[in-house]
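Before any comments, here is the structure.
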Amino acid sequence: MLSTPLPVLRLKPKADARAIRHGVPWVYADQVVTDRRTKSLKPGTLGILESTDRSPLGLFSVNPGSKIFARLIDRDHNAIVDTPWFVEKFQAALEMRQRLYAEPFYRFIHAEADGLPGVIIDRFGDAAVVQPNAAWADSLFEPLVEALVQVTGVSHVLKNANGRARKLEGLDDQTGWARGGVDAPIDVPMNGAIYKADLTGGQKTGLFFDQRESHAFAARLARGASVLDIFSHVGGFGLAMLAGGALHATAIDGSQAALDLAGEGAATMGMQSRFAALRGDAFKTTDNLLAEGRQFDVVIADPPAFAPNRMGLQKGLRAYERVALHAAKLVVPGGYLGLCSCSHAAELSKFRQSCIRGIGRAGRMAQLIHTGAAGPDHPVHPNLAESSYLKALFFRIQ
């Protein structure tokens, strides 16, 4: 038996210890032997998980109130999770991002794929936004921040406690600055465009870095074109296509605050005269454009997660089909259509089928010319399908 001050958990006989040894990072409640002791553990407690033959499988965080009962923290069950431990993780993450990007604007930590389960960190130059979406990271937030500052040198660190993931972990929603503070949107250069990231008032961490590669592909299609960016947020595709040579970009979003930031980005780029914003429901607004006889050379639709989980998959797929139907009608013959999904439950083949059905219902024919995914600052954990969530399909429309 192990001699350790940490609680010891054990897999049930039918649970697959080999999968965990091969890198599966999550253990569900029905895989673990539970009793009064384990059920009373405080969320975020670190403990050692054993196989049925009492062999240690690693150091895990425990949350008895979550469907994900245990998350792998370290393969070494003797690891001490403190500031130096976080420093080692952050140094590895920084080395890769610095190879990939000339400027410090990127997803710095992508949860399990970077060895920090439930932790999201986006970097915006001298500022970083941390989402500690798992109980263990919330309880160790101070050493995490100390290591983050040591490794990156950032002066401003925001704890973002919003979102569904923290609720599922039983965590609070208290957002605030852990270091420093920024009271204005930050300019983020990406693909030749300038985006305005509102770290405290914007959606998620303030900007979506994951579409960087697809923004760049869309920009290649946009030279001399009129473009429409549906579900634009702060102008993700629209501003990238303006930087790529589009003659004009129109953005549609339901948030006036997001559209204002998109407009500010266009102005900073010196392209405000080539940018227009339409606030409203995406479907009603596209219907209005159709009624006006409007069409565009390039249309991109990047909606929110219509299928946030498996239970909502069929409803979400129908919504993606509807988006494709509306968007395809707005593309000139010979133009281009980009359709995106950030729903991990809607895997690529199902999403593609929904898009193709929608295009067909619009009475259009299409060639699929490119399939995109999240950029390399959003690495995929090979044993965690949820870490591969983003899809982008680009079609030529006839």
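Surface composition of segment 306-394: carbon plus sulfur atoms hold 56% of the accessible area, using a 1.4 angstrom probe and ignoring ligands, DNA and RNA.
If you line up the long axis of helix 282-291 against the longest principal axis of the chain, both from Cα atoms, how many degrees apart are they, to the nearest 10? Roughly 10 degrees between the two axes.
In the chain, the longest principal axis of the Cα atoms and the axis of helix 212-221 are about 20 degrees apart. Note on Phe283 and Leu348: the model spin-label points, each 7 Å out from Cα along the C-beta direction, lie 2.9 nm apart.
Computed over the alpha carbons of segment 1-110, Rg followed by Dmax gives 16.1, 52 Å. Between the listed residues Gly153, Pro379, Ile300, the Cα displaced farthest toward the positive end of the dipole of the chain, a dipole computed from Cβ unit charges relative to the Cα centre, is found at Ile300.
Past 29 Å, Cα to Cα, is the threshold; run Lys14/Lys350; Lys14/Lys67; Lys204/Lys391 against it and keep the listed order. As for pairs spanning more than 29 Å Cα to Cα, those are Lys14/Lys350.
Per residue, the convex hull around the alpha carbon atoms of segment 300-398 comes to 87 Å³. Per residue, the solvent-accessible area of segment 103-216 (1.4 Å probe, heavy atoms of protein chains only, all protein chains present) comes to 35 Å². Rounded to the nearest 20, the Cβ-based charge dipole of the chain about its Cα centre (Lys and Arg +1, Asp and Glu -1) stands at 1500 debye.
Size of the chain: Rg and Dmax of its alpha carbons, in Å, are 22.7, 75. The long axis of helix 313-329 is offset from the longest Cα principal axis of the chain by roughly 20 degrees.
Estimated from the Cβ-Cβ distance and a Förster radius of 51 angstrom, the FRET efficiency linking Arg223 and Ala184 is about 0.95.
On a per residue basis, segment 1-79 carries 55 Å² of accessible surface, using protein heavy atoms and a 1.4 Å probe.
When the Cα positions of Gly65, Ile359, Gly23 are compared along the charge dipole of the chain, Ile359 comes out farthest toward the positive end, with charges on each C-beta of Lys, Arg, Asp and Glu. State whether segment 173-313 is rounded, prolate or oblate according to the following rule on the C-alpha gyration tensor (a ≥ b ≥ c being the square roots of its eigenvalues): a/c under 1.5 gives rounded; otherwise a/b larger than b/c gives prolate, and the remaining case gives oblate. The shape class here is oblate. Charged side chains reduced to their Cβ positions (Lys and Arg at +1, Asp and Glu at -1) give segment 251-355 a dipole of some 400 debye around its Cα centre. Each peptide in 57-69, 163-175 was scored by the mean count of other Cβ atoms within 10 Å over its residues; highest first, the order is 57-69, 163-175. Give the shape of segment 98-140 as rounded, prolate or oblate, defined through the alpha-carbon gyration tensor: a ≥ b ≥ c are the square roots of its eigenvalues, a/c under 1.5 means rounded, and otherwise the shape is prolate if a/b is larger than b/c and oblate if not. It comes out oblate by the Cα gyration axes. Here the chain carries DSSP beta bridges of which approximately 65% are antiparallel, counting only pairs with both residues inside. With a/c under 1.5 counting as rounded, go ahead and sort segment 139-195 into rounded, prolate or oblate using the C-alpha gyration tensor (a ≥ b ≥ c being the square roots of the eigenvalues; past the cut-off, prolate if a/b is larger than b/c, else oblate). Verdict is oblate for segment 139-195.
Residues in segment 249-352 average 43 Å² of solvent-accessible surface per residue, probe 1.4 Å, ligands and nucleic acids excluded.
The stretch between Ala291 and Gln150, if pulled fully straight at 0.36 nm per residue, gains 45.1 nm over its current Cα-Cα span. When the solvent-accessible area of segment 11-148 is split by element, carbon and sulfur atoms take up 51 percent of it, the probe being 1.4 Å.
Compared with the alpha-carbon gap, the fully stretched path from Val24 to Lys67 is longer by 13.9 nm at 0.36 nm per residue.
The values are calculated or read from the model by the stated rules, or taken from the named source; none is laboratory data. This one's a predicted model, so the numbers in the text were calculated from it and none came from an experiment. Reconstructed Cβ throughout: ideal geometry from the backbone, glycine too, with neighbour counts over all protein chains shown. All accessible areas refer to the heavy atoms of the entire protein, side chains included, with ligands and DNA or RNA removed. Shrake-Rupley method; radii C 1.70, N 1.55, O 1.52, S 1.80 Å.
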